[in-house]
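Report on the structure given below.
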Number of protein chains: 2
Amino acid sequence: MSGGAPKFDAAFRAQLETLFRWRRDVRRFKPDPITPDVLDDLLRLAALAPSVGLSQPWRFVSVDDPERRAALRRNFETANAEALAACGEERKALYAKLKLAGLDEAPRHLALFAEPQPEQGHGLGRRTMPETVAYSAVMAAHTLWLAARAHGIGVGWVSILDPAAVAAALDVPSGWSFIGYFCLGYPQAEDDTPDLERRGWERRRQDIKVALLQR
Amino acid sequence: MSGGAPKFDAAFRAQLETLFRWRRDVRRFKPDPITPDVLDDLLRLAALAPSVGLSQPWRFVSVDDPERRAALRRNFETANAEALAACGEERKALYAKLKLAGLDEAPRHLALFAEPQPEQGHGLGRRTMPETVAYSAVMAAHTLWLAARAHGIGVGWVSILDPAAVAAALDVPSGWSFIGYFCLGYPQAEDDTPDLERRGWERRRQDIKVALLQR
């Protein structure tokens with residue numbers, strides 16, 4: 001369908017910027033459930049993400065079994081303890097105080113994998129850059145993240161995990177590549193400043209002149 | 001700032017879905033320029049993307065020099081000829097007819113790199129998954145892509161390139177990791193169906209039951 005292309009106005013662009021600004025990595029959730037129809041909606045929108053060669057290589061896994069969730073939590077705790085041990089002395093106390101995942105409270109857990117050599121797409125666009133398959137899955141996660149925030153739902157991306165152990169704990173098809181683990185739920189509080197910034201770990205830099213090289 | 005958290009309503013969510021649906025990989029551009037203030041705005045919004053440990057590891061490069069652009073085009077032509085040669089016989093003719101980049105027409109070219117071991121973020125979140133640095137840059141690209149579409153600007157992601165040769169042609173700081181090359185411009189036509197689907201290369205699958213495993 002062409003001809004009926006939508007026009008986005010300044011009011012929509014302002015709201016879109018507000019969405020970008022208030023999308024946060026959420027680690028503190030209320031117990032309120034996410035209904036299946038809303039989750040279905042988020043996954044449906046995630047499938048609108050760009051993908052290399054139209055391969056749609058994202059593979060979402062809904063993790064609901066208490067034993068599998070417990071295995072994921074142990075995985076996180078081990079990796080997080082190792083990260084704390086590897087922390088420089090001057091940052092150790094601050095690191096220990098950070099809350100880096102909401103695995104206990106989040107009502108919904110989604111794991112995301114990529115199928116590294118998807119049949120769909122017939123290999124187009126990824127011959128010299130096979131990592132674009134993983135990148136496609138990342139854009140699906142980001143789409144879901146934004147869609148969730150537009151529903152008032154917070155998402156937290158957990159990356160402090162041993163990827164091989166995640167794949168084993170979830171018994172996914174062999175070869176699937178782990179991208180990230182996502183906690184979803186309604187946030188206890190909302191903010192437009194990242195938690196890591198409010199707690200003094202790091203601050204955002206906004207100076208695009210730093211980021212933009214001219215060639 | 002908290003307390004003044006925005007509420008997004010159904011009307012905004014419908015427009016956001018329209019944005020996701022009409023974001024396309026664009027390869028046919030009008031010659032109309034993108035003004036510097038709009039490009040600055042897109043880069044400013046891209047910096048609102050999530051990043052591992054708040055590391056903001058994306059490094060955008062504006063490619064304007066005709067010789068560098070020509071080097072990129074040769075890079076693409078070589079990689080694309082190799083991809084065509086590697087194509088199965090039954091798809092070769094179709095592949096040859098596809099337009100896979102708008103390098104000649106697009107008024108703006110942006111290359112995107114990631115700084116693999118950014119100081120910013122102090123290493124948080126990427127000890128077991130260093131690839132999350134690249135994933136952060138990908139989400140900045142996706143943010144820019146959506147923001148561009150909200151301005152009526154099309155983006156095309158070119159991945160049919162030898163990454164090492166891109167880094168050499170653009171003379172970027174050593175160690176930067178190439179993520180993608182982006183053509184930006186006002187599209188000749190708009191569509192909510194991907195070019196690859198309209199030309200019979202691949203079709204999107206929307207059945208989330210296929211994509212969602214239960215564990």
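The values are calculated or read from the model by the stated rules, or taken from the named source; none is laboratory data. Predicted model only: the values in this text are computed from it and were never measured. Cβ sites come from the backbone with ideal geometry, for glycine too, and all protein chains shown count toward neighbours.
Across region A:19-37, not a single residue is classified as farther than 27 Å from A:K99 by Cβ, charged (D, E, K, R) and surrounded by 15 or more Cβ atoms within 10 Å (Cβ to Cβ). Residue selection: A:A134 satisfies the criterion of being part of a helix (DSSP H, G or I) and under 30 Å from B:A164 (Cα atoms). Would you pick out the residues in region B:172-192 that are part of a strand (DSSP E or B) and of a type in the set (S, T, Y)? Selection gives B:S177, B:Y181. Let me spell it out: the conditions are (1) farther than 19 Å from B:D192 by Cα; (2) hydrophobic (A, V, I, L, M, F, W, C); (3) facing chain A (nearest Cβ under 7 Å); (4) surrounded by fewer than 23 Cβ atoms within 10 Å (Cβ to Cβ), and B:F12 meets all of them except one. Which number is the exception? If we test B:F12 against (1) farther than 19 Å from B:D192 by Cα; (2) hydrophobic (A, V, I, L, M, F, W, C); (3) facing chain A (nearest Cβ under 7 Å); (4) surrounded by fewer than 23 Cβ atoms within 10 Å (Cβ to Cβ), just (1) comes out false. Please verify whether region A:120-128 includes one or more residues that are within 17 Å of the chain's Cα centre (by Cα), modelled with pLDDT of 95 or more and either facing chain B (nearest Cβ under 7 Å) or surrounded by 21 or more Cβ atoms within 10 Å (Cβ to Cβ) (or both). Checked against the condition, which is being within 17 Å of the chain's Cα centre (by Cα), modelled with pLDDT of 95 or more and either facing chain B (nearest Cβ under 7 Å) or surrounded by 21 or more Cβ atoms within 10 Å (Cβ to Cβ) (or both), region A:120-128 yields no hits at all. In the condition set (1) part of a strand (DSSP E or B); (2) at the interface with chain A (Cβ under 9 Å from one of its Cβ atoms), B:G156 is compliant with all but (2).
Can you tell me which residues in region B:166-215 are touching a Lys or Arg at 6+ places or on another chain (Cβ under 6 Å), surrounded by 20 or more Cβ atoms within 10 Å (Cβ to Cβ) and either more than 10 Å from chain A (Cβ to nearest Cβ) or acidic (D, E) (or both)? Scanning region B:166-215 gives a single hit, B:L184. Screening A:G180, A:G154, A:G175 for residues that are in contact (Cβ under 8 Å) with a residue 40 or more places away in the chain and out of contact with any strand residue (DSSP E or B) (no Cβ under 6 Å at 6 or more places or on another chain) leaves exactly one candidate, A:G175.
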